[in-house]
Every structure is written in structure tokens, then in C-alpha cells.
1. Label points 7 Å out from Cα along the Cβ direction at residue 164 and residue 75: separation in nm?
2. Relative contact order for the chain: what percent, with Cα pairs under 8 Å and sequence separation of 6 or more?
3. How large is Rg/Rh for region 58-169, to two decimals, with Cα atoms and a Kirkwood Rh?
4. If you wrap a convex hull around the Cα atoms of region 138-198, how much volume per residue is inside, in Å³?
5. What fraction of the Cα pairs in the chain, stated in percent, has a spacing above 26 angstrom?
6. So what is the relative contact order of region 27-105, in percent, for Cα pairs below 8 Å that sit 6 or more residues apart?
7. Compute the acute angle (0 to 90°) between the alpha-carbon long axis of helix 39-67 and the principal axis of greatest extent of the alpha-carbon atoms of the chain; round to the nearest 10°.
8. Kindly provide the helix-only [θ] at 222 nm of the chain, computed as the sum of -39,500 (n - 2.57) over DSSP H runs of four or more divided by all residues, to the nearest 500 deg cm²/dmol?
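Read-outs throughout are calculated quantities, based only on the coordinates presented, and are distinct from any laboratory measurement. Please read all numbers here as calculations on a predicted model, not as lab measurements. Note: ideal-geometry Cβ built from the backbone for every residue, glycine included; neighbour counts use all protein chains shown.
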Ligand code: HEM
């Protein structure tokens with residue numbers, strides 16, 4: 001019941017934002033006022049970087065879980081719950097990243113700019129990568145609750161889309177971010193990509209080791 005009310009509220013708010021954006025573009029309603037100063041720009045970047053951290057942590061946890069090494073310390077149900085919570089956290093931070101952008105007086109985005117890939121006047125392809133990654137992350141998150149309905153095999157296939165989400169989000173951050181020129185951000189991007197790359201390699205090595213021996 002609570003879930004239905006929340007979904008209705010979210011859908012209603014999105015509809016109002018989209019209709020408001022269309023109305024403002026047609027000149028039927030006035031564009032909303034935006035607060036002055038650089039604070040929204042600072043806040044959206046902070047939320048974007050934190051969303052990327054949560055996303056990377058979530059993908060890394062998924063990879064570690066798939067090796068089974070955590071099973072000795074943490075019950076499967078709890079580690080899966082943690083995985084799901086991290087996914088929700090990354091999505092919530094992404095929503096914050098986007099909603100704050102709507103208030104930014106410099107970029108002057110409306111709901112269509114942030115919902116439709118390619119409509120942004122600022123680095124359209126780089127921003128489209130972020131929008132695509134966010135949509136896919138939402139589909140994968142929703143699929144957590146649909147595993148029984150869609151079956152484990154399809155659920156796992158869909159779950160592999162997490163790599164595309166991470167690659168899209170990393171590419172988006174690097175290409176769209178105004179902090180990419182800073183050494184600190186470059187080091188962060190290399191560390192995040194390096195950690196996930198190393199875990200993928202470890203997972204592949206363990207999978208080869210566990211594969212049944214084939215006839216020579
Ligand atoms: C998976 C979802 C997303 C993640 C993890 C993410 C992450 C990031 C990161 C790390 C940056 C760079 C911040 C910096 O350089 O300080 C960034 C910048 C940006 N993102 Fe996203 N983003 C996501 C989705 C979106 C979406 C859906 C939009 C929709 C418009 C968007 C719009 C922007 C814009 C305009 C910038 C440039 C801000 C700047 O100058 O740094 N992002 N994002």
C-alpha cells in the first residue's frame with residue numbers, strides 16, 4: 001500500500017515537471033525561478049560523484065558475491081539485501097544529482113532536457129550517456145523484485161547490464177564533468193575503473209578454475 005502511494009507520488013511529480021516543461025517551452029506558463037549563485041552546480045556535482053561511488057561499490061559487491069567468498073562471513077540473504085540497498089542508494093543520489101540540476105541558474109535545464117537523451121544543450125552526448133545509464137540502472141533495480149517472475153536466467157542476463165551502467169556512468173562523468181581536468185577526479189576515475197576491472201579479472205580466473213575439465 002505504502003509502495004503504491006509512493007510510486008503514485010513520484011509518477012505524479014514527474015508528470016507535473018514534464019507538463020510544466022512543455023508548457024514553458026510553448027510559452028503557456030512561466031519558467032520557474034531559480035536560486036542565484038554557484039551552490040546548485042556544486043551540489044549536483046557532489047551528488048553525481050557520490051552516485052558514481054555508490055554505483056561502483058554496488059557493482060564491486062555484486063562481483064565479490066558471485067565468487068562466494070563472502071558467504072563464510074555474511075548470510076546470503078543479508079549480503080543480497082546490502083546489494084539491493086546500495087543499488088537504491090545509487091539511484092536516490094542520481095535522482096538528487098538530476099533534481100538539483102533543474103534548479104541550477106547557469107544550465108537552465110527543464111524536465112525534458114534531463115529525461116530525453118540528446119535534448120541537453122550542454123554536451124548532449126555525454127549527458128545522454130548519463131541518462132541512458134540512469135534508465136538502465138532503474139530497470140535493473142526494479143528487476144530485483146521480479147526474479148521469481150522472469151526466472152533466474154533472464155534475471156542474471158539483465159543483471160549483466162550493470163557493467164553497461166557503470167561504463168556509461170564513468171564515460172558520462174569523464175565527458176560531461178567540469179572537474180575532469182582536476183588530478184583528484186582523474187585519480188578517482190582510475191581507481192574506480194581499476195577496482196572493478198581487477199574484480200572482473202579475478203572472477204574470470206575463478207570461473208576458469210572451477211570449470212569442469214574437458215577431454216584433451
Ligand atoms: C548513473 C547515473 C549518473 C551518474 C553516476 C552521474 C555521475 C556524474 C559525475 C561523476 C559527474 C562529474 C562531476 C564533476 O566533474 O564534478 C557528472 C556530471 C554531470 N551530470 Fe551526471 N550522472 C548520472 C546521470 C546523469 C543524468 C541522468 C543527467 C541528466 C541530465 C546528468 C547530468 C550531468 C551534467 C549536466 C553534468 C555536468 C556537471 C559538471 O559540470 O560537472 N547526469 N555526473
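1. Modelled inter-label distance: 3.5 nm.
2. Rounded, it is 22 percent for the chain.
3. Dividing the radius of gyration by the Kirkwood radius yields 1.06.
4. 87 Å³
5. 44 percent
6. It rounds to 59 percent for region 27-105.
7. 20 degrees
8. It comes out at -25500 deg cm²/dmol, rounded to the nearest 500.
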